[in-house]
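A short worksheet on the structure shown next.
The values are calculated or read from the model by the stated rules, or taken from the named source; none is laboratory data. Bear in mind that the values here come from a model prediction, so they are computed numbers and not experimental data. Every residue, glycine among them, receives a Cβ derived from its backbone with ideal geometry; neighbour counts consider all protein chains shown. Note: accessible area is taken over every heavy atom of the protein model, side chains too, but ligands, DNA and RNA are not part of it. Shrake-Rupley method; radii C 1.70, N 1.55, O 1.52, S 1.80 Å.
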Amino acid sequence: TPTPNHIVYTFKKERMMVMSLQGYDFDKCNKLFLEQLRRQEYSKETIDGYRKDLENFRCFMRTVISKEDFSVDLINKRVLLDFMDAGRVRGNKASTIGRRLSTLKSFYKFLVYELDYPVDEAARIRTPKVYVPLKDILSAAEVQRLLQSAKQLPPCYSLLFNALYYTGSRLTPIRMLEKQHVHLKEKLIYLSEVKGGKDHYLPLHPHLKDLFESYFTEHLSTTSNYVFPSNRIPSQPLSASDIRNKLRYAARLADLSETITPHTLRHCTATHLTIQNVPQTKIATILGHADLRSTMRYQHLAVEHLRDSLDLL
């Protein structure tokens, strides 16, 4: 196991090699950037997203300069704008183009603050305003129909889908949930893989508490630390792709759209709580939103309090 001093030494050595021998070689800078994200304990999904965006940019640069390897010095504001334009020509969504620019902004901040690169080219480009409409949301009755159909699947999937809806969580914290983090006596659940690395405790919904008790007693193996272990590798949790496939199957059984994803259930939680006039600050806490603006997008769904005013017309 490398010591902290060894890690620091290795990082400095690699940094010097990037600057002195390769002239800020893009691939080496990219590697150091991803390593820094891992040190800062970003989630695997987030790091994979950064990696894919930078690989997309790398492919663009290779097309432009007809070279396999290139230096960061070859990138300027004009190149970054051309990269965004190329995405538009390919028909990429505005949200995808904005996300890729955001990745490059983070990459350049790393170059400037960690590798002493002289100029932040990405900082000179404004992030485009992107309107992301809410996707179609299931009604409360449709969610219950979906959860009912999930009972035809192995018990772990049925519980997992209930946990997604009754906590409003993203997939990763639930998929990675450990047995020790479900506190049945205290009626609490601790989500340790929340986006941004924050601790997140939530009260257990009574229905969810009953499901966990039954599952722990009747179905869960004692050989895994995870609540939802993989069938093939019990020391690992269920894969995200497997969960998404099973959710689509449950949706088909319930005669619902197969475009339903785990994140759909999160949107359903936020929407249903908003319609029930739960304050947005409480919904933000449940969802783990650091910025209330992320929660306010649901506010337009709660319009019943405006009825008396409109009826005056």
Worksheet, complete the sentence: Flagged as over-length at 25 Å C-alpha distance, from Lys93/Lys246; Lys185/Lys246; Lys28/Lys109; Lys44/Lys179, the pairs are Lys93/Lys246; Lys185/Lys246
Response to the item:
Which residues qualify? For His200, with a placed amide H closer than 5 Å and at least 5 residues away or on another chain, they are Leu191
Discussion item. At 25 °C and a viscosity of 0.890 mPa s, what translational diffusion coefficient does Stokes-Einstein give for the stretch 67-138, taking Rh as the Kirkwood radius over Cα pairs? Give it in µm²/s as a whole number.
Written reply: 179 µm²/s
Discussion item. Past the 19 angstrom mark, what percentage of all C-alpha to C-alpha distances in the stretch 154-238 do you count?
Written reply: 30 percent
Discussion item. To make sure I understand the rule: partners must be aspartates and glutamates, Cα under 18 Å from the Cα of Lys67, and not fewer than 8 residues away in the same chain. Which ones qualify?
Written reply: Asp25, Asp27, Glu55, Asp82
Discussion item. Using square roots of five times the C-alpha gyration tensor eigenvalues, list the equivalent-ellipsoid semi-axes of the stretch 60-101 in whole Å, biggest first.
Written reply: 20, 11, 8
Practice prompt. Pick out, from Ser66, Thr127, Val79, the residue whose Cα sits farthest towards the positive end of the charge dipole of the stretch 20-135, with +1 on the Cβ of Lys and Arg and -1 on the Cβ of Asp and Glu.
Written response: Thr127
Worksheet item: Of Ser235, Asn277, Thr264, which is farthest on the positive side of the dipole of the stretch 231-283, counting Cα position, with +1 on Lys and Arg Cβ, -1 on Asp and Glu Cβ, and the Cα centre as origin?
Response: Ser235
Worksheet entry | Inverse of mean 1/r across different Cα pairs in the stretch 20-67, Kirkwood, Å | 11.7 Å
Worksheet item: Under a 1.4 angstrom probe, counting protein chains only, how are Met84, Met176 ranked by accessible area, largest first?
Response: Met176, Met84
Item to complete: Please provide three numbers in whole Å: the alpha-carbon extents of the stretch 42-200 along the principal axes, with the largest listed first.
Response: 58, 34, 29
Response to the item:
One checks the Cα atoms of the stretch 15-100 and finds Rg and Dmax, in Å, of 13.9, 40
Worksheet item: How big is the accessible area of Glu35 in square angstrom, nearest 10, if you roll a 1.4 angstrom probe over the protein chains?
Response: 40 Å²
